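Report on the structure given below.
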Amino acid sequence: SVASGHNATSSTFSSPAGDVDLVLAPSISSSIHSYSANGWSVGDYWQFSTSTLGFTGVNVGWDQAGSSTGPGSFSLFYSNSLTGGAFILLDGPYTVPASTWNTTLAAPLSITVLGGGALDNSSAVIFRLVDQSTTSVGGGTVGTGGTDRVDNFTVSTIIPEPATVALVGAGLIGMLAMRRRRS
């Protein structure tokens, strides 16, 4: 799994206080840093890539916030080996809130996007959180020093609880028993 950022202008990338994760759950690990950058222009993005081979029901989630002069509107795009490299809109645009981010305060915007099967069983999936506007978090114009932060970017699958699996199994056994009685 790899995380990166792309800005057309001169930018400062850093990993200040926060909790960045780029993992294929359920093996989530933590650190005490987030990703942060300034110098944003429309089309600049955060990028995360991983493999989802062998996984179905893949979803993504992350936390995001910005300074009052940071970019205020992003969209989530994805590309995978099944789309031939084309980036496709998965969610957005969404509004990024202002934040004073630190190691004890989570970002005020937490997003989970259901993949709907589009992210399943791919040797390479690339996610991009793309800046969509020149309007800042505070409603003005994005400033050169305006920052955006991303944290806890997680790629996960929904694994049914054992009780749910048992209930479905019991239902199937009951249906088979009824079918045999009718035969």
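Does T104 fit the bill of being open to solvent by 80 Å² or more (accessible area, probe 1.4 Å) and either at pLDDT below 65 or touching a Lys or Arg at 6+ places or on another chain (Cβ under 6 Å) (or both)?
yes
Assess whether A98 counts as being open to solvent by 30 Å² or more (accessible area, probe 1.4 Å), modelled with pLDDT under 90 and of a type in the set (A, V, I, L, M, F, W, C).
yes
Scan region 79-90 and report the pairs whose first residue is closer than 13 Å to G117 by Cα and in a loop (DSSP other than H, G, I, E, B) and whose second residue is at pLDDT 85 or above and open to solvent by 60 Å² or more (accessible area, probe 1.4 Å), with Cβ atoms within less than 6 Å and a gap of 6+ or a chain change.
As it stands, the answer is none, since no pair meets every condition given.
For the condition more than 18 Å from V130 (Cα to Cα) and either without any contact (Cβ under 8 Å) to a residue 60 or more places away in the chain or open to solvent by less than 10 Å² (accessible area, probe 1.4 Å) (or both), what is the one hit in T52, T56?
T52
The values are calculated or read from the model by the stated rules, or taken from the named source; none is laboratory data. In this text, all values refer to a predicted model and were calculated from it rather than measured experimentally. Cβ sites come from the backbone with ideal geometry, for glycine too, and all protein chains shown count toward neighbours. These area figures cover heavy atoms from the full protein model, side chains too; ligands, DNA and RNA do not enter into them. Shrake-Rupley method; radii C 1.70, N 1.55, O 1.52, S 1.80 Å.
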